[in-house]
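Trainee: Got a structure for you, written out below as structure tokens; questions coming shortly.
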Amino acid sequence: MKRERFVHQLATIRDRVDGEMDRREFVRTLATGGYAVGMAHLLGVEDFLAADDGEVPVVTALVRSDPDDPWSLEERTRYVPAEWYAAVEKAIELNDRLARSAFTGYLGSAVVPGSYGSGSATVSIGVSKDAGSIRDAIGDLAAGVSLDVQTIVDVEEVEDGADFYQPRMIDSLSDDRVPAGVACETPTSLATLGPALFHPDERQQYFVTAEHAFEGETNASGAPLSLPLSGDDPVELGAVAYDHPIEDVVAVEPAGDLVPSTWIDAPEPAQVRGQLTRWGLADLIARDERLEKVGALTGHTTGRVQGFDAVTCFTDEFCRRGQIRWGGEMDLTDGDSGSVSYHPDPEGDDGDVLVAGFNNARTWWPGQSYVWGVAAYRITEQYGYHF
């Protein structure tokens with residue numbers, strides 16, 4: 001019955017949509033019909049009207065129409081089953097309620113869509129042994145959403161295995177563009193350089209890596225970032241212009257001749273063409289797709305996406321939101337932080353990829369195994385940056 005009601009609602013809204021209405025009126029129409037405004041504002045009337053009965057359009061990626069122009073972003077749309085969309089939207093709402101309630105013993109959660117054919121979604125929840133009542137925390141929102149509750153007994157951190165790896169350093173620079181996926185140095189640590197990060201308001205490009213690699217610094221802002229070279233002295237890349245400790249990201253303004261590149265130094269070189277949205281990640285999970293990463297220590301690895309819109313409350317006094325869970329804990333070690341996870345662009349040229357997000361931590365407790373870090377869509381929503 002739920003599927004029939006949703007499809008009927010979709011048809012009713014489609015009947016109300018006028019192809020001549022402006023975007024504001026269109027968004028208002030969708031919002032009053034129960035669709036997420038966060039999705040609706042990215043869509044046009046034509047996108048919605050083009051959907052078949054029982055389908056809804058979602059924006060899955062932001063992609064540069066001109067690879068050489070970082071400001072030429074276009075929206076990539078996909079049509080998904082209405083029943084599946086309704087289930088995932090309900091799970092997103094429930095996950096948000098969990099993050100805001102922060103009930104006793106809550107350690108984190110994530111949205112895990114089912115396959116398109118299942119029309120279902122799950123919220124995976126991690127709790128400590130002294131957790132309070134989950135049902136009391138979320139009330140009737142759990143109706144229609146599967147819950148996967150796991151009790152995590154021991155979250156004491158363990159040693160990483162970084163000593164087993166040799167950092168991936170550049171032998172020499174053939175031009176002024178520094179690729180991603182190689183080692184970079186802070187005053188206190190080694191990390192991985194991410195691909196060029198752009199801020200449209202400032203029309204500025206930045207080097208980017210993990211904020212926690214500056215641990216020991218009173219404030220990462222203004223701290224230098226350098227590029228180690230095999231058999232030569234490090235070269236300064238610039239200083240931290242923007243410090244985002246909750247998202248665990250720093251943006252470094254280039255100094256001198258070196259500038260960040262959209263290329264990732266992968267076994268088969270990959271060029272970043274854009275980034276995945278929240279619904280783009282949901283689509284990958286529904287299709288059982290994999291992400292890739294290149295870290296300065298563990299190199300190139302791949303793994304399936306395990307959840308999006310994830311919340312993690314393991315490492316600090318605050319919770320981190322808008323995270324991705326993917327792969328396994330062996331896909332990351334000390335020095336890989338700052339790398340990005342990515343997926344081939346299905347509509348791009350060979351080698352074109354879309355960034356999913358950053359890789360900055362991993363599980364170290366029994367029962368779960370994944371890498372996590374902030375999603376690209378989260379830093380776009382919060383600060384306007386894009387890849």
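The values are calculated or read from the model by the stated rules, or taken from the named source; none is laboratory data. What you see is a predicted model; the values in this text were computed from it and never measured. Note that each Cβ is placed from the backbone with ideal geometry, even for glycine, and that neighbours are counted across all protein chains shown. Side chains are part of the model used for accessible areas, which takes the heavy atoms of the whole protein and leaves out ligands, DNA and RNA. Shrake-Rupley method; radii C 1.70, N 1.55, O 1.52, S 1.80 Å.
Trainee: Name every residue in segment 341-387 that is open to solvent by 10 Å² or more (accessible area, probe 1.4 Å) and of a type in the set (S, T, N, Q), in order of residue number.
Mentor: 360, 368, 369, 380, 382, listed by residue number.
Trainee: Could you look through segment 74-118, keep only residues that are of a type in the set (Ser, Thr, Tyr) and surrounded by fewer than 21 Cβ atoms within 10 Å (Cβ to Cβ), and pick out the one that is nearest to the chain's Cα centre (by Cα)?
Mentor: It comes out as 77.
Trainee: I want to confirm something. Restricting to segment 221-245 and keeping residues that are without any contact (Cβ under 8 Å) to a residue 40 or more places away in the chain and open to solvent by less than 20 Å² (accessible area, probe 1.4 Å), which single residue is farthest from residue 181 (Cα to Cα)?
Mentor: Top of the filtered list is 223.
Trainee: Right, here's the next one. Do any residues in segment 295-317 that are over 29 Å from residue 267 (Cα atoms) and open to solvent by 10 Å² or more (accessible area, probe 1.4 Å) have Cβ atoms under 8 Å from those of residues that are part of a strand (DSSP E or B) and of a type outside the set (A, V, I, L, M, F, W, C), where the two are at least six apart or on different chains, and which pairs are they?
Mentor: Listed pairs, sorted by first residue: 309/321; 309/322; 309/323; 313/106; 313/108; 313/320; 314/108.
Trainee: Another question, if that's okay. Report, ordered by the first and then the second residue, all pairs with beta carbons closer than 7 Å, sequence separation of six or more or different chains, a first member in segment 375-387 that is small (Gly, Ala, Ser), and a second member that is assigned to a loop (DSSP other than H, G, I, E, B).
Mentor: Listed by first residue and then by second, the contacts come to 376/387; 384/200; 384/201.
Trainee: Kindly provide the set of residues from segment 318-331 that are open to solvent by less than 10 Å² (accessible area, probe 1.4 Å) and touching a Lys or Arg at 6+ places or on another chain (Cβ under 8 Å), ordered by number.
Mentor: The answer is 322, 323, 326.
Trainee: Exactly one condition in (1) of a type in the set (Asp, Glu); (2) more than 16 Å from residue 337 (Cα to Cα); (3) at pLDDT below 95 is not met by residue 215; state its number.
Mentor: In the conditions (1) of a type in the set (Asp, Glu); (2) more than 16 Å from residue 337 (Cα to Cα); (3) at pLDDT below 95, residue 215 misses (2) alone.
Trainee: Scan segment 186-199 and report the pairs whose first residue is of a type in the set (Phe, Trp, Tyr) and whose second residue is open to solvent by 20 Å² or more (accessible area, probe 1.4 Å), with Cβ atoms within less than 7 Å and a gap of 6+ or a chain change.
Mentor: Close Cβ pairs (under 7 Å, with a partner that is open to solvent by 20 Å² or more (accessible area, probe 1.4 Å)) amount to 198/70; 198/205.
Trainee: Something else about it: Mind checking whether some residue in segment 158-178 is part of a strand (DSSP E or B), modelled with pLDDT under 90 and either closer than 30 Å to residue 207 by Cβ or open to solvent by 60 Å² or more (accessible area, probe 1.4 Å) (or both)?
Mentor: Yes, the conditions are met somewhere in segment 158-178.
Trainee: For segment 199-212, how many residues meet the condition of being out of contact with any Asp or Glu (no Cβ under 8 Å at 6 or more places or on another chain) and either open to solvent by 10 Å² or more (accessible area, probe 1.4 Å) or modelled with pLDDT under 90 (or both)?
Mentor: Residues flagged as out of contact with any Asp or Glu (no Cβ under 8 Å at 6 or more places or on another chain) and either open to solvent by 10 Å² or more (accessible area, probe 1.4 Å) or modelled with pLDDT under 90 (or both) within segment 199-212 amount to 6.
Trainee: Kindly state which strands (runs of 3 or more DSSP E) lie completely within segment 258-321 and contain at least 2 residues that are on the phi > 0 side of the Ramachandran plot.
Mentor: Output list reads 299-312.
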